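To start, the structure itself, in C-alpha cells.
Computed from the coordinates by the stated procedures, all read-outs in this text should not be read as laboratory data. From a predicted model like this one, the values you see are computed outputs, not experimental measurements. Reconstructed Cβ throughout: ideal geometry from the backbone, glycine too, with neighbour counts over all protein chains shown.
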Ligand code: NAI
C-alpha cells in the first residue's frame, strides 16, 4: 500500500502505460482519477475499485480547469499528477505541416503544462504533491521522430523548470523517459519483425519495455519513498540509449 489514501490523476489512463499506472495505483491503495479523451476505453477502468473515470482533453485549458476543480471538490485534495497522455507520429520533417506540428505540441507539450498550471496550486495549498511527466527517450537522442521528439523535449525542460519553481512549496516534479514500450502506440513497430529484431538487437536488455516497467517507476516517484527526489530524469529503455 505504497500510495494508500492518496488522490491521483493519471492522464491517458484508459490505454497502454497510463492504464497500467491506474491499475498499480489502485492496487497500492490510491483513489485514482483516470482522465482520458477516449470515453469508450474509460468504461473499462471505471469498473475497477477506487478508480473514477473522467473525460479530459489535455489540449484544452477549460477541460483542465474543470477537472482540477471537480477533483478538488469531490475528493478534497490532489496528491499525485501523472502527465502521461500523448500522441505520436513518424512523418519525415519536410512532410510535417504546421497543423501537424501544432497538434503534436498542443497535446504532448501544452497538455502537461496546463496540467501543472491547474493542479500545482492545489498541491501548493496542501504543501505537498508529486508530479510525474512522461517524456520519451526520443527527447534525448536523435531518432528522426521530429515533431514528437521536440514535443517531448519541451516536457523535459518544463519538468526541470517546474521542479525548481515548486520545490519550496513541497511539490516535486520528475520526468521519465521510456524507450519502446509494448502498447497500442507502438503497434506498427511490434508487428514488423524486421524493425522489432533490429530494436531488440540494439537493446542491451534484449527486449521491449512493458507498461509495468514504466508504472513501477512512476509509483516510486509518486510515493513518499522518493520524498527527496525532484527535477530527476529517469530513462527506462533497457539500455538502448546508454
Ligand atoms: P497509448 O496510445 O496506448 O495511450 C495514450 C492515451 O492518451 C490514450 O488513452 C489516448 O486516448 C490518450 N490521449 C490522447 N490524446 C489525448 C488528449 N488530447 N486528452 C486526453 N487523453 C488523450 O500510448 P502509450 O504508449 O501508453 O503512451 C503513453 C505516454 O508514454 C505518451 O505520452 C507517449 O508519448 C509516452 N511514451 C510511449 C512510448 C512507447 O513506446 N509506447 C515511448 C516513450 C514515451
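If you take the beta carbon distance between residue 101 and residue 242 as r and set R0 to 30 Å, what does 1/(1 + (r/R0)^6) give as a FRET efficiency, to the nearest 0.05? Don't skip to the answer; put the middle values down first.
Values: r = 30 Å, r/R0 = 1.01.
That pair, residue 101 with residue 242, gives E of 0.50.
Once the Cα gyration tensor of the stretch 77-163 is found, what semi-axes does its equivalent ellipsoid get, as square roots of 5 times the eigenvalues, in whole Å, sorted largest first?
Values: eigenvalues 156, 30, 15 Å².
Each semi-axis is the square root of five times an eigenvalue, giving 28, 12, 9 Å.
Round to the nearest 0.05 the FRET efficiency obtained for residue 141 and residue 227 when R0 = 25 Å and r is the Cβ-Cβ distance. Walk me through the numbers before you get to the answer.
Values: r = 31 Å, r/R0 = 1.23.
Efficiency for this residue pair is about 0.25.
In nm, to one decimal, how far is the residue 89 label point from the residue 44 one, both placed 7 Å along Cα→Cβ?
2.6 nm
Specify, per residue and in Å³, the volume enclosed by the convex hull of the alpha carbon atoms belonging to the chain.
Values: hull volume 29.2 nm³, N = 242.
Once divided by residue count, the hull of the chain is 121 Å³.
Given 25 °C and 0.890 mPa s, how large is the Stokes-Einstein diffusion coefficient of the stretch 121-242 in µm²/s, with Rh as the Kirkwood radius over Cα pairs?
Working: Rh = 15.4 Å.
Translational D for this selection: 159 µm²/s.
Enumerate the whole-percent occupancy of each 5 Å bin, from 0 to the last occupied one, for all C-alpha pair distances of the stretch 193-240.
It works out to 5, 19, 22, 18, 14, 11, 7, 4, 1, in whole percents.
Going by C-beta contacts inside 10 Å, put 123, 185 in order with the fewest on the left.
185, 123
When only alpha-carbon atoms count, how far does the stretch 1-45 stretch along each of its three principal axes, as whole angstroms with the largest first?
29, 15, 14 Å, listed from the longest principal axis down.
Residue 73 to residue 195: extension gain in nm, 0.36 nm per residue of separation minus the Cα-Cα distance? Before the final figure, lay out the partial values.
Numbers: separation 122, 0.36 × 122 = 43.92 nm, distance 4.77 nm.
Going from the current span to full extension adds 39.2 nm.
Would you mind pulling out the separation of the Cα centroids of the stretch 75-130 and the stretch 1-37, in Å?
That distance is 16 Å.
Fewest Cβ neighbours within 10 Å first, please rank 95, 212 accordingly.
Fewest-to-most Cβ neighbours within 10 Å comes out as 95, 212.
Most exposed first by the Cβ proxy, i.e. fewest other Cβ within 10 Å, how do 54, 4, 91 rank? Numbers along the way, then the final one.
Details: 54 19, 4 10, 91 16.
Ascending Cβ contact count within 10 Å gives the list 4, 91, 54.
Quick one: if you stick a label point 7 Å off each Cα along the C-beta vector at residue 207 and residue 117, how many nm between them?
4.1 nm
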